[in-house]
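Peer 1: Below is the structure I would like to discuss, written out as structure tokens.
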Amino acid sequence: MSKISFSCNFKSSELQSLALSVEVRKPNLALVAQTLTTQSVDLEPGTYYVTAKLPTGQELFNQVTVVEGQSGIVTLAPEPEDEFPHEWLEVDCYITGQPLPHLVPVT
Amino acid sequence: MTPGFDNRANLQGQPDLHVLIAGVSTYQNLPKQNDPLTPESFGMRQLSSTALTKYKIYRWLLDHQQNFPVPLATCRLLLSPSPDEVAVEPGLKGLAEPCTLNNFLVAANDWRTDASSHQENVTFFYFAGHGVQRTKDDSVLLLEDFDGRIGGLLRNAVDTNNIFKGMAKSNTYPNMAQTQLYFIDACRDFLSAFKNFEPESTTPVFRVQLSGEDKRTAPIFYAAAPGTKVIGIKGGQTLFSRALLDCLNGDAGELKEVNGQERWHISVHSLNAALETKIDDWNKTLGAQQDFILGGLVANTPTHFLDLTPLVEIVLEVVPLDALNCTRIKVLDDQGVPIPEPVPFPVLPNLHPYRCKWIAGFYTISAEIDPPDQRYINFPGRARPVMPPSPVMRK
């Protein structure tokens, strides 16, 4: 068994410290563990897929290969197309679900 | 009354499954679909889809009887179909006794007796027909001979709570089934006829004993939230039952260890979650406002097993649409093996968004611009779970 923990790769400290629900599944989709990103899980060697869910429903994915006796950290980050350049946008969109504000040219 | 399906003789002493299905479309004392309402009909007419719904549930149960945790022993069916439903499904004609009060009382009491033979028994109850509410939390089921003219208004009606409570373990029924599934596919709105009177009484189906602990798993899946109606497709089936059958056929599937073995199965929790998703989908598709609410005593337990890994409906959408002609979608399975032409290239505009069904699993879906076009960029895929109930994906 190996201990696996999770790290969320957000820009904002509010989101990084958030405890998100996490599912760990085998490649055949069998659910192995349900926990929080602030917790760790013990896994048998093998390949697993990790999914975390944001309050607004977006999901963060990653894949991990667990080796016997080696602990590891799975980094979970938004898909590149879902990323925001500024942390203040992250909080609005990932926590409250507010749409991006309309940007207008300032003349 | 003999059950329509009866395998008790072959299952002596074993835990088993006992089913009671009741569906009413034709009400003796309510106007037909296009006839004018009467003061005694309280805004209700005969229905067009509920008996057919019950028939489909009945057929599904018979066809999947090997998939339950315990074997099917009895299936009692009471149906009052409409002529339209018989025209659509001739198998309905003469299949079952009509769903009158007396028939319902006899069938329900026999069902309870069978259910109480073993604590590991499982029961399945499904009602579809008119339903009303007297209080914010009850659910009254109107039977075929509902009659607003003579005696108490709800004399030929029964209360879901009475059925539920009467099926609890008690001194008389110490071995009552401890897994019970209830599906109430009926409206739960208030009748204006109630407002000027003391609460009307239904006919009790069971005398409810106060003795005995009640630790059963007994979820009640209501097709309607309090104060709302159920939606049916004329001559078809109710939206709830359609969503339910989709879920039972795999859209509520989950793979977890059961008794030390990984098995695809439907559980109370997975069914609850999938029904919410499916009904939301139907509401969006049809512009309907069908509700769904879970009540009763809820604990998670497998309800039945799936023979195969379920198929999942996928919706692939190219954004922006202008890139449709030059977007080639590539898909790898969890072993990295390409799926041959998962989506035709180019996707014809009339097929977009592209819908298909894949076996549940992990897939890496990427989009390649072919030929390269500087206005668009390739979309590299990452492995994502494709699992019930039917996720919507955009690329």
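Peer 1: Among the residues of the stretch B:191-210, what is the count of those that are at pLDDT 85 or above and either polar (S, T, N, Q) or open to solvent by 70 Å² or more (accessible area, probe 1.4 Å) (or both)?
Peer 2: 7
Condition check ((1) within 26 Å of B:N175 (Cβ to Cβ); (2) in contact with a Pro (Cβ under 9 Å, 6 or more places away or on another chain)) across all residues:
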{"residue": "B:G4", "(1), (2)": "yes, no"}
{"residue": "B:G23", "(1), (2)": "no, yes"}
{"residue": "B:Y27", "(1), (2)": "no, no"}
{"residue": "B:A73", "(1), (2)": "yes, yes"}
{"residue": "B:R76", "(1), (2)": "yes, yes"}
{"residue": "B:V86", "(1), (2)": "no, no"}
{"residue": "B:L101", "(1), (2)": "no, no"}
{"residue": "B:F104", "(1), (2)": "yes, no"}
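Yes/no matrix, rows are residues, columns are (1) farther than 22 Å from B:I359 by Cα; (2) modelled with pLDDT under 95; (3) buried (at least 21 other Cβ atoms within 10 Å of the Cβ):
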| residue | (1), (2), (3) |
| --- | --- |
| B:D251 | no, yes, yes |
| B:V258 | no, yes, no |
| B:K278 | no, yes, yes |
| B:Q290 | yes, yes, yes |
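Peer 1: Could you list, in sequence order, all residues of the stretch B:293-323 that are open to solvent by less than 20 Å² (accessible area, probe 1.4 Å), assigned to a loop (DSSP other than H, G, I, E, B) and either within 21 Å of B:I279 (Cα to Cα) or without any contact (Cβ under 8 Å) to a residue 24 or more places away in the chain (or both)?
Peer 2: Within the stretch B:293-323, just B:P310 meets the criteria.
Peer 1: Also: For the stretch B:218-265, what are the residues that are part of a strand (DSSP E or B), within 14 Å of another protein chain (Cβ to nearest Cβ) and not aromatic (F, W, Y)?
Peer 2: B:G253, B:E254, B:L255, B:K256, B:E257, B:V258, B:Q261, B:E262, B:R263, B:H265
Matching residues to (1) at positive phi; (2) at pLDDT below 90; (3) touching a Lys or Arg at 6+ places or on another chain (Cβ under 8 Å):
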position	(1), (2), (3)
A:K3	no, no, no
A:F10	no, yes, no
A:V32	no, no, yes
A:T37	no, no, no
A:V41	no, no, yes
A:L76	no, yes, no
A:E90	no, yes, yes
A:T96	no, yes, no
A:P99	no, yes, no
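Peer 1: If you check B:K215, B:K284, B:K278, which single one turns out to be outside any strand (DSSP E or B), within 13 Å of the chain's Cα centre (by Cα), more than 14 Å from chain A (Cβ to nearest Cβ) and not aromatic (F, W, Y)?
Peer 2: Just one listed residue meets the conditions, B:K278.
Peer 1: Please tell me if A:A19 is modelled with pLDDT under 90 and touching a Ser or Thr at 6+ places or on another chain (Cβ under 6 Å).
Peer 2: yes
Peer 1: What tally of residues in the stretch B:324-365 results from selecting those that are within 14 Å of another protein chain (Cβ to nearest Cβ), open to solvent by less than 50 Å² (accessible area, probe 1.4 Å) and not in a loop (DSSP other than H, G, I, E, B)?
Peer 2: The total comes to 6.
The values are calculated or read from the model by the stated rules, or taken from the named source; none is laboratory data. Everything numeric here is computed off the predicted structure, so don't read it as measured data. Here Cβ is always computed from backbone atoms with ideal geometry, including for glycine, and neighbour counts include all displayed protein chains. Just so you know, the surface numbers come from the protein's heavy atoms only, side chains and all, with ligands and any DNA or RNA stripped out. Shrake-Rupley method; radii C 1.70, N 1.55, O 1.52, S 1.80 Å.
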